[in-house]
Amino acid sequence: AFNLDACEKDDVEGGSSTGVTIRLVRKWETEISTIGEFTIDNSDISGYILEEKGPDTTVSGQEQRVPVGTYNLVWHSGTRFKNVLKLYNDSVSQSRAILIHAGNYAADTEGCLLPGSTKSTDFVGSSKAKLKEINDYVTEEGIENAQIIITATYE
């Protein structure tokens, strides 16, 4: 017999079905780049993300950052970057390939998000290690319903 209570209970015991949520708050802007602080819900992972300079745009190929908002995350493997996260939503298509990949300077990003453990003006450091930390966590928790929420509180 079908037992509704058992189904609901299984969902709870099966861990969080909400998925990974990365929260990025853009805080520092220069004429070259944007840097924000990020955290991942229900984890102790945090750091910085360097992006293109403003203004925000949904237009591809502008070497500018994507708009604030909520984006879905999927795995991406292309010619340059393998097994990295790609973000998209109704305004920013998957075909734009906005990725979260390693890099240190604005010159390393074409609209992508570069994570790091340290920051200075127009720079994030320890990017490969921080990227691995994020990717390992998402791999462990699962990509289903994973998202990144980008907001801005400039200092």
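The values are calculated or read from the model by the stated rules, or taken from the named source; none is laboratory data. Just so it is clear, the structure is predicted and the values come from calculations on it, not from any experiment. All Cβ positions, even for glycine, are placed from backbone atoms using ideal geometry, and neighbour counts span all protein chains on display. For the accessible areas, the whole protein counts, side chains as well, though only heavy atoms, and no ligand, DNA or RNA atoms are used. Shrake-Rupley method; radii C 1.70, N 1.55, O 1.52, S 1.80 Å.
Structure data summary
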{"item": "Rounded percent of accessible protein surface that carbon and sulfur make up, the chain, 1.4 Å probe", "result": "48"}
{"item": "Relative contact order of the chain, pairs being alpha-carbon contacts under 8 Å that are 6 or more residues apart, as %", "result": "28"}
{"item": "Rounded if a/c under 1.5, otherwise prolate or oblate - segment 39-107, Cα gyration tensor axes", "result": "rounded"}
{"item": "Heavy-atom SASA rank of 52, 155 (probe 1.4 Å, accessible area, largest first)", "result": "155, 52"}
{"item": "Cα-centred dipole magnitude for the chain, charges only on beta-carbon of K, R (+1) and D, E (-1), debye, nearest 20", "result": "620"}
{"item": "Under the Karplus curve 6.51 cos²θ - 1.76 cosθ + 1.60, θ = phi - 60°, whole-Hz ³J(HN,Hα) for segment 111-126, x wherever Gly or Pro sits", "result": "x, 7, 10, 10, x, x, 9, 10, 9, 9, 4, 6, 8, 10, x, 6"}
{"item": "Eligible lysines near residue 132 by straight Cα distance, threshold 21 Å, same-chain separation 8 or greater", "result": "82, 86, 119"}
{"item": "Per-residue HN-Hα couplings for segment 86-93 [Karplus 6.51, -1.76, 1.60; θ = phi - 60°; Hz; x = Gly/Pro]", "result": "10, 10, 7, 7, 5, 9, 10, 6"}
{"item": "Å² of accessible area per residue within the chain, as computed with a 1.4 Å probe and no ligands counted", "result": "55"}
{"item": "Estimated 222 nm signal from helices in the chain, with DSSP H stretches of n ≥ 4 weighted -39500 (n - 2.57), rounded to 500", "result": "-5000 deg cm²/dmol"}
{"item": "With DNA, RNA and ligands ignored, accessible area of residue 79 (1.4 Å probe; Å², nearest 10)", "result": "140"}
{"item": "Cβ-based charge dipole, the chain, positive-most Cα from 115, 88, 134", "result": "115"}
{"item": "Contour minus Cα-Cα distance for residue 107 and residue 121 (0.36 nm per residue)", "result": "3.7 nm"}
{"item": "Bridge type composition, segment 30-125 - antiparallel percent by DSSP, nearest 5", "result": "95"}
{"item": "Backbone HN-Hα couplings from phi across segment 140-153 [Karplus 6.51/-1.76/1.60, Hz, Gly and Pro as x]", "result": "5, 7, x, 7, 4, 6, 5, 8, 10, 10, 9, 10, 9, 9"}
{"item": "Heavy-atom SASA rank of 96, 23, 65 (probe 1.4 Å, accessible area, largest first)", "result": "23, 96, 65"}
{"item": "For residue 146, distant residues with modelled amide H under 5 Å away", "result": "20, 73"}
{"item": "Amide proton proximity set for residue 119, modelled H, under 5 Å, gap of 5+", "result": "125"}
{"item": "Overall form of segment 78-155 per C-alpha gyration tensor (a/c, 1.5; a/b vs b/c)", "result": "rounded"}
{"item": "Summed side-chain charge close to residue 139 - residues other than residue 139 whose Cβ falls under 14 Å, Lys, Arg +1, Asp, Glu -1", "result": "-3"}
